[in-house]
Amino acid sequence: MAVTPRQTADSTALLRRLDSKVGSLKSEMVEFTKKLVKIRTENPPGKNYGELVSAIKKLADASGFETKIYGKSGKPNLVITWNVGSKHTLHINGHYDVVPAVGAWKHAPFEPVIEDGKLFGRGAADSKSNICAVIYAAKAMKELGMKPACNLELSFTCDEESGGVDGLGYLVAEKLVKPDFAIVADGPVRGINNAHKGVLALKITVVGKSAHAAWPQRGVNAFLGAGKLAIELNGLNTKLGKVKSRCDTSEEVEKSPTIVPGGRAEGGVKFNSVPGEFSFTIDRRIIPEEKISDAKDELLAAINAFSRKNPEYGVIIETILEAKPSFADKNCKISKALSRSIKSVKGEAPNYYLLPGFLDMRYLVNEAKIDCVNYGTAGGNEHGVDEFVYADSILDLVKIFVLTAMDKELEA
Ligand SMILES: [Zn+2]
C-alpha cells in the first residue's frame with residue numbers, strides 16, 4: 001500500500017506527541033518495573049502471585065480500564081480489555097513469574113538498581129519490563145486521547161517458566177480471551193521471534209540390580225547402563241544437526257533440533273553399593289517443521305535398540321513436558337504492523353528469528369489458532385546471574401506497542 005505525504009505527516013506528528021508523553025513517564029515506568037521486580041514471584045515454587053497481580057490491577061484501575069482476574073486457586077491471571085467496537089481484537093501478553101535467582105549477583109536480585117542505563121534484577125528483562133511496557137502503552141494512549149485501531153486485550157499471566165498451563169494456557173483453553181492476532185511480550189529479544197522451538201522432556205530410568213559393592217558381580221550397575229544409554233541418545237545429535245528449519249536464526253546451529261541428556265540425573269543409594277536404578281532427563285528441542293510424536297518415536301527406537309543390545313537392563317520412560325513449537329508467517333498482519341512500528345521508533349526494520357527456547361506464544365498459535373509473534377525489551381542474562389534490561393528499551397517498547405495498536409491495517 002502506498003503511503004501518502006499526508007499519512008507520513010500524521011505519523012510524524014503522532015510519534016512526536018508519543019515521544020514527549022513516554023519521556024515524561026520514564027521515571028514512573030522505571031519505578032513500576034522496579035516495584036514488580038521487588039515482588040518475588042519465583043517459580044518454582046510460584047509465590048506472591050496475588051500481590052503481583054494486585055500491583056498491575058491497581059495501575060489499570062487508576063487508568064479506568066476494565067479488568068478481570070481468572071485462574072485456578074493461587075494462579076491469578078489478569079485480563080484488561082479496551083473495547084473500541086472494532087470487529088478485531090489485538091491481544092498482548094506478558095508473564096509475571098520469574099525463575100529463581102541463584103549464584104553470586106553484583107546487586108541483590110530482588111533489590112533492583114540502575115547502573116549505566118541498565119536496570120538489574122531477577123525478572124527485569126524476563127519479563128517484568130515487558131509487563132510495564134504493555135500497561136504503560138495502554139495508559140499513554142488513554143492519557144493522550146488516542147484510540148487503538150482495534151479492541152485491545154492485555155493479559156498478565158503466571159507459570160510461563162513452568163509451561164504456562166495455568167497461565168496463558170488456561171485463558172486460551174477456557175476461551176476467556178478472544179483475540180484475532182497477538183503479541184507475546186517476553187524478553188529480552190534481538191528482533192521479532194516469529195517462531196520458537198518446542199520441547200519434549202523425558203525422564204529415563206535405567207533399572208539394573210543393586211548389590212553390595214564388595215560383590216559387584218552379584219549386581220547390574222544401573223549407573224553404567226544409564227551412562228551408556230545417555231551417550232547413545234546424545235549420538236542422535238549428529239543426525240539432527242543435518243535437519244534444518246527454514247526459519248531465520250541468529251546462528252546457523254540454531255536451525256537444527258537438539259538433544260541434551262542429563263539436565264537432571266539421580267540414582268544409587270551409597271558409595272558402597274552397586275546402583276540398582278539410575279535416571280536422567282532428556283531435553284529434545286523440536287523445530288516448527290517437526291512433530292513431537294515423531295521425535296518421541298525416534299527416541300523410543302534408540303532406547304529399544306539399547307535394550308536389545310543390553311538385555312540385563314530395564315528402561316522406564318516418563319514424559320516430563322511436551323510443548324509444541326510454533327510459527328507465524330513473517331508477512332501476517334500483526335507481524336507487519338509490529339515491524340512497521342519498530343522501524344518508526346528505531347529507524348530500522350527488525351530481523352526475524354526462530355527462538356530456540358519455547359514461549360507461551362504456542363497457546364495462541366496452536367490452540368487459539370491465531371497469528372502471534374514475540375517481541376520485547378532489550379537486555380541480557382535472563383535466567384542467569386545479573387539479569388538486566390536497558391531502561392530506554394522500555395520506552396521504545398511502549399512507543400512500538402502504541403504505534404502497533406494504532407495501525408489501521410489491523411482494523412482492515
Ligand atoms: Zn519469559
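Read the figures in this text as sums done on the coordinates, not as results from a lab. From a predicted model like this one, the values you see are computed outputs, not experimental measurements. In this analysis, Cβ positions are derived from the backbone assuming ideal geometry, glycine residues included, and neighbour counts consider all displayed protein chains.
Put a dot 7 Å past each Cα toward the Cβ at residue 28 and residue 11; how far apart are the dots in nm?
Reported label-point gap for residue 11 and residue 28 is 2.7 nm.
As a check on your grasp of the helix formula, calculate [θ] at 222 nm for the chain: sum -39500 (n - 2.57) over DSSP H runs of n ≥ 4, divide by the residue count, round to the nearest 500. Intermediate results must be reported in sequence, preceding the final value.
Values: 10 runs with 134 residues, N = 412.
-10500 deg cm²/dmol, from helical runs alone.
Considering only 74, 219, 169, give the residue with the highest GNM mean-square fluctuation for the chain, with springs between Cα atoms whenever their separation is below 10 Å.
Checking each option, the largest mean-square fluctuation is seen for 219.
To the nearest 20 Debye, how big is the dipole of the chain about its Cα centre, given +1 on the beta carbon of each Lys and Arg and -1 on that of each Asp and Glu? It would help to have the intermediate numbers written out before the result.
Working: 55 positive and 51 negative charges, 58 e Å.
Dipole of the chain, to the nearest 20 debye: 280 debye.
When 394, 370, 286 are ordered from fewest to most other Cβ atoms inside 10 Å of their Cβ, what list results?
Numbers: 394 28, 370 18, 286 24.
Sorted ascending by nearby Cβ count, the order is 370, 286, 394.
Based on the Cα coordinates of the range 206-352, what is the per residue volume of their convex hull in Å³?
Numbers: hull volume 20.3 nm³, N = 147.
Each residue corresponds to 138 Å³ of Cα convex hull volume.
Between residue 51 and residue 297, how high is the FRET efficiency from 1/(1 + (r/R0)^6) when r is the Cβ-Cβ distance and R₀ = 51 Å? Nearest 0.05. Display every interim value, and only then the final one.
Details: r = 45 Å, r/R0 = 0.88.
So the FRET efficiency works out to roughly 0.70.
What is the Cα centroid distance between the range 12-86 and the range 365-412, reported in whole angstrom?
14
Under a crude label model (7 Å from the Cα following the beta-carbon direction), how far is residue 271 from residue 113 in nanometres?
The two pseudo-label positions are separated by 4.2 nm.
Please report 282, 292, 39 as a ranked list, fewest other C-beta atoms within 10 angstrom at the top and most at the bottom.
So the residues, fewest neighbours to most, are 292, 39, 282.
Using 0.36 nm times the number of residues separating residue 317 and residue 83, minus their current alpha carbon distance, what extension gain do you get?
Values: separation 234, 0.36 × 234 = 84.24 nm, distance 4.81 nm.
Net length gain for the segment: 79.4 nm.
Report the number of Lys pairs in the range 198-323 whose alpha-carbons are under 19 Å apart, with separation of 8 or more residues or on distinct chains.
Counting lysine pairs in the range 198-323 gives 17.
First check a/c for the range 323-382, with a ≥ b ≥ c the square roots of the eigenvalues of its C-alpha gyration tensor; if it is under 1.5, answer rounded, and if not, answer prolate when a/b is larger than b/c or oblate otherwise. Could you put the intermediate results ahead of the total?
Numbers: a/c = 2.45, a/b = 1.31, b/c = 1.87.
Oblate is the answer for the range 323-382, as a/c is 1.5 or above yet b/c matches or exceeds a/b.
With both bridge residues required to lie in the chain, what share of the DSSP beta bridges run antiparallel, to the nearest 5%?
Around 70 percent antiparallel, to the nearest 5.
Tell me which lysines have Cα within less than 18 Å of residue 21's Cα, excluding those fewer than 8 residues away on the same chain?
Of all the lysines, those that pass the test against residue 21 - Cα under 18 Å, at least 8 places apart if same chain - are 139, 142, 147, 346, 399.
If I histogram all Cα-Cα distances within the range 57-185 using bins 10 Å wide from 0, what percent of pairs lands in each bin?
12, 39, 32, 15, 2, 0
Say we join alpha carbon atoms closer than 10 Å with springs in a Gaussian network model of the chain; which of 61, 329, 166 then has the biggest fluctuation?
61
When averaged across all projection directions, what area in nm² does the alpha-carbon convex hull of the chain cover?
Details: hull surface 88.6 nm².
Over every viewing direction, the Cα hull of the chain projects on average to 22.1 nm².
Just rank 236, 300, fewest to most, by other beta-carbon atoms within 10 angstrom.
Working: 236 20, 300 13.
Lowest count first: 300, 236.
Kindly provide the chymotrypsin sites (Phe, Trp or Tyr not before Pro) of the range 56-115 that DSSP labels as loop, not H, G, I, E or B, and whose Cβ sees at most 16 other Cβ atoms within 10 Å.
Numbers: sites: 65, 70, 82, 96, 105, 110; in loops: 65, 96, 105, 110.
When the chymotrypsin sites (Phe, Trp or Tyr not before Pro) of the range 56-115 are filtered for loop state and at most 16 Cβ neighbours within 10 Å, nothing remains.
Could you tell me whether the range 19-78 comes out rounded, prolate or oblate from its Cα gyration tensor? Rule is a ≥ b ≥ c as square roots of the eigenvalues, rounded for a/c under 1.5, then prolate if a/b exceeds b/c, otherwise oblate.
Details: a/c = 3.50, a/b = 1.54, b/c = 2.27.
Oblate is the answer for the range 19-78, as a/c is 1.5 or above yet b/c matches or exceeds a/b.
Could you tally the net charge around residue 309, taking each other residue with its Cβ under 11 Å from the Cβ of residue 309, Lys/Arg +1 and Asp/Glu -1? Working shown, then result.
Values: positive: 228, 308; negative: 232, 312.
Residues close to residue 309 contribute a combined charge of 0.
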